[in-house]
Structures are given as C-alpha cells and as structure tokens.
Amino acid sequence: MHKVLVIVVSYNGRDYLDRCLGSAVKAGGDLYVVDNASEDGSADYVKENYPMAHLVRNEENIGFAKANNMGMEYALEHGYSYVYLLNQDAWIPENIFTVMTGIAIRHPGVAIFSPMQMKADMQGYDPRFEKNVARRVSTSDNEVSIVPYVMAAHWLLPRRTIETVGGFAPIFPMYGEDENYCDRARHMRMNVAIVPSVSAVHDRALREDPMEKRIYRDYYMGSLRRLCDVNLTIALCIPYVFIFTIVKSIRYRSLQPWKSFVTLMKQLPEVMRIRKESLERHAFLPR
C-alpha cells in the first residue's frame, strides 16, 4: 500500500478524537494533526495518546484551509503518495486506503476521491452529502461516480492533485474552500469522484447552527466561491452575486447579506489574484 498521510485539523473536538484518530491508525495511515489553538485540551490529548502523530500546535485559529495546507506541504516534502483529509468529527473503515488507493491508480483523471459519507449510525447519509451529492451517485458496478463537488470531511488526494491544483485558497477561512478546490480541479481538467463501494462516517449529530452562522455559510461563502470560480468570467460573477444578495436578504429578512456584499467587494483584489493563479496553472497544462 502506498504511503498515506492523514491530515486532521482539530479545534475543540476532544470528544471526537479517539474515534477519528483511532480509525486512521487502524487503517494504516500516518497522522498529521494541526491543532488550531483548542481550549479543551485537544492538543495535549493527542500528544499523550497518539505519540506517533506529527502534532502542530498553532497559537491561534488559522482556519481550516491554512491548517490543511500545512499538512499538504508536509506530505509533498516527505514523499507521500496520498493525502487523506479527515474531519475531526469523522472516522473511516479499516480497509479504506487499500481500496481507495487501488481505485485512484486506475482513475488518473480524478483529483478528489470521497467515500459515501454517512451518519454515525450508518443508517443514512450525512445531511449535506444527501442534499448535495447522494442523488448524483450511481451505485452500479462503476468503481467511481463523477460529481461536481463533495465536502472535504473525507477526501483522498493523490500527490498529483496537490502538485497540479495546489492547496486550499486561504481566502476561505471556514466553509467554501472545498467547493472552490473542486472548481479549480475541474478547471485543470480533473474530476471529482465518489467511491460507492466505501462508506465512512461524518457525525453532525446534535449540532444546530445559529441563524447568523447559517447566513454566513449560505450567502457569504457561497458568494465568495462564485467570485473565485475560474470556470466563469468575473463579469458574470459580480452581477450574479448582486442578485444573490437581494434574494438572500429577502429570504433571511436580514441586512447581513448586504454587509457581507461590501466585504466581498473589498476582497476583489484577492479574488482576482486567486483567479489569475488558477489561469496560470491551467496555461502550463499539456494540450
């Protein structure tokens, strides 16, 4: 089996760590844990109970994207063939790397592989997976099912993906970075795929986001993802986001989308830099 680096970003997720990290150890992956200044003792728990893990303690919460990028860079520097991004509230079956790396070898045009993402009781899909992905998945004899997007709670990335697409765009602190990465992968003529024969857990139980956070994720990150989508022209994206602002402010009966719209317009220079970098990477692809 090829070397797999399992990257886990921890933030106040102490109660999940044994199921998460324990499953990665049983699956045979090497652990790289980035703790984003947790206040619940997560980092100390990892050091004491998982001494084999490469533990990074950040002095502040640098966000999901930047923390994972640290692990991706480490993987490239240390010769790993694959990276597996694993949410702290998720866990994997013991045979996952044997099965999925074999499938990855047979599908070199795929940038991102995900198992079926299930609830903790394995009796149904993770709600976001069911809403955004499951209906697109074919459970026939095909080894993979191509989809436009899948959440990064469970991602297997071959080394070639990171070398071609790069890391997450740091402009996304939390949410949206996975959608943007899928957009960029497709722009690089690479696919996103589900492996129907493998199931893994993403446990969202007992979590209900407050309205402000839901607006932030739905409107702000959705709009930022659209602006950064290099598959679309910026001339089309800006009017779309303006109309999206009107729609969401009416739906939520809130001025928060308009405040976020102002922030988005201030971020346009960074958005253009991200778009330029993706176009430059694309320009060097073999024709």
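The values are calculated or read from the model by the stated rules, or taken from the named source; none is laboratory data. Just so it is clear, the model here is predicted, and its values are computed rather than measured. FYI the Cβ positions are ideal-geometry reconstructions off the backbone, even for glycines, and counts take in every protein chain you see.
A few notes on this one:
- Qualifying residue in the stretch 154-168 (condition: within 20 Å of K131 (Cα to Cα), modelled with pLDDT of 95 or more and buried (at least 23 other Cβ atoms within 10 Å of the Cβ)): yes
- Output for the stretch 18-37, where each listed residue is over 16 Å from Y74 (Cβ atoms) and either surrounded by fewer than 20 Cβ atoms within 10 Å (Cβ to Cβ) or at pLDDT below 95 (or both): D18, R19, G22, V25, K26, G28, A37
- Odd one out for F168, checked against (1) closer than 19 Å to R275 by Cβ; (2) assigned to a strand (DSSP E or B): (2)
- Some residue of the stretch 41-51 being outside any helix (DSSP H, G or I), touching a residue at least 12 places away in the same chain (Cβ under 8 Å), crowded, with 18+ Cβ neighbours inside 10 Å and touching an Asp or Glu at 6+ places or on another chain (Cβ under 8 Å): no
- The residues in the stretch 224-261 that are touching a residue at least 24 places away in the same chain (Cβ under 8 Å) and among the basic types (K, R) can be counted, and the count is 2.
- Applying the condition of being assigned to a loop (DSSP other than H, G, I, E, B) and surrounded by 20 or more Cβ atoms within 10 Å (Cβ to Cβ) to the stretch 225-242 and asking which residue is nearest to the chain's Cα centre (by Cα) yields D229.
- Pair list, Cβ < 6 Å and 6+ apart or interchain, from the stretch 208-223 residues that are at pLDDT 80 or above to residues that are not in a helix (DSSP H, G or I) and not β-branched (V, I, T): M221/Y175; M221/G176
Residues are listed down the side, and each one gets a yes or a no for (1) closer than 18 Å to T164 by Cβ; (2) aliphatic (A, V, I, L, M):
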site: L55; (1), (2): no, yes
site: G71; (1), (2): yes, no
site: W91; (1), (2): no, no
site: V110; (1), (2): yes, yes
site: F113; (1), (2): yes, no
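- From the list V56, V150, V99, the lone residue that is of a type in the set (V, I, T) and in a strand (DSSP E or B) is V56.
- Boolean, V201 is surrounded by 15 or more Cβ atoms within 10 Å (Cβ to Cβ), of a type in the set (V, I, T) and more than 26 Å from M116 (Cα to Cα): no
- Qualifying residue in the stretch 80-94 (condition: without any contact (Cβ under 8 Å) to a residue 12 or more places away in the chain and either more than 19 Å from A169 (Cβ to Cβ) or crowded, with 17+ Cβ neighbours inside 10 Å (or both)): no
- For A67, the test of being modelled with pLDDT of 95 or more, in contact with an Asp or Glu (Cβ under 6 Å, 6 or more places away or on another chain) and assigned by TED's automatic domain parsing to the domain that holds E177 is failed.
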